[in-house]
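Here is the structure we will look at, set down as structure tokens.
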Amino acid sequence: MRIFVKFNREVLLAETPFTLTVYANKKQNIKNISGFMEGDNMYMGKVPLLFAKNGEHQFNAQGFIGSCGKQDMQWRIWITFIEQSDKSHTFSITVPSYLR
């Protein structure tokens, strides 16, 4: 499975909304997508990502990163796809965020 992830911002800032867009390969027939974020270098709880379909092979989620005492924070984003065949695929990426 080939997946591409894109943010609407070059830098993620604490307490600033962002959009996460996931593009799936046209050969994938995705039935559902879900995800969440969690602090990688500090526990900040789980932040749900609610995806909506935005085109045949594109899904968008709005995100918001809370502020903490660290100047820079590492976040792990977990994304799970379920194909029409009910086969699921989970992957994660790690992204930094910064205080304003």
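At-a-glance table
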quantity: Sorted by Cβ neighbour density within 10 Å, fewest at the top, the residues Ile77, Ile93; calculated: Ile93, Ile77
quantity: Neighbour cut-off at most 13 other Cβ (10 Å), DSSP loop, chymotrypsin sites (Phe, Trp or Tyr not before Pro), region 64-100; calculated: Phe64
quantity: Nonlocal amide H pairs with Lys31, under 5 Å, H built at 1.01 Å; calculated: Ile82, Glu83, Gln84
quantity: Value of Rg/Rh across the chain [Cα atoms, Kirkwood radius]; calculated: 0.99
quantity: Tally of Lys pairs whose C-alpha atoms are under 18 Å apart, taken over the chain, 8 or more apart or cross-chain; calculated: 9
quantity: Percent RCO, i.e. relative contact order, over region 32-100, from Cα pairs under 8 Å lying at least 6 residues apart; calculated: 33
quantity: The chain: most fluctuating residue of Val22, Val47, Val11 per GNM, C-alpha cutoff 10 Å; calculated: Val11
quantity: Cα convex hull volume per residue for region 7-65 (Å³); calculated: 98
quantity: Those GluC sites (Glu not before Pro) in region 7-72 that DSSP places in a loop and that have at most 12 other beta carbons within 10 Å; calculated: Glu10, Glu15, Glu56
quantity: Intensity falloff of region 51-100 expressed as log10 I(q)/I(0), Debye formula with alpha-carbon point scatterers, at q = 0.14, 0.21, 0.22, 0.31 Å⁻¹; calculated: -0.53, -0.89, -0.93, -1.22
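Every number here is computed from the coordinates shown, using simple stated rules; none is lab data. All figures in this text were calculated on a predicted structure; none of them were measured in a lab. Ideal geometry is used to build each Cβ from the backbone, glycine not excepted, and the neighbour counts take in all protein chains shown.
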